[in-house]
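This report refers to the structure that appears directly beneath it.
Nothing in this text is a laboratory measurement; each read-out follows from the coordinates by a stated rule. What you see is a predicted model, and the numbers here were worked out from it, not measured in a lab. Cβ sites come from the backbone with ideal geometry, for glycine too, and all protein chains shown count toward neighbours.
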């Protein structure tokens, strides 16, 4: 799947002191990549991007590029 659409997602601090971050994926984005709530996702950092993909080598993937605010 190739897409030129740009999604701006906000990292959410869970305020539990873990240093982790949460990201909410909009319904429209989920529909576009064919994901549903409850799917197992893999997340990895590649250079300055974060790649999120379904735990299935043949599935769609989403690349998030870190930007300055």
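Couple of notes before you dig in:
- Computed from label points 7 Å out along Cα-Cβ, the spacing between residue 22 and residue 51 is 2.7 nm.
- Subtracting the Cα-Cα distance of residue 8 and residue 32 from their residue separation scaled by 0.36 nm leaves 7.2 nm.
- Residues 6, 12 arranged by fewest to most Cβ contacts within 10 Å: 6, 12
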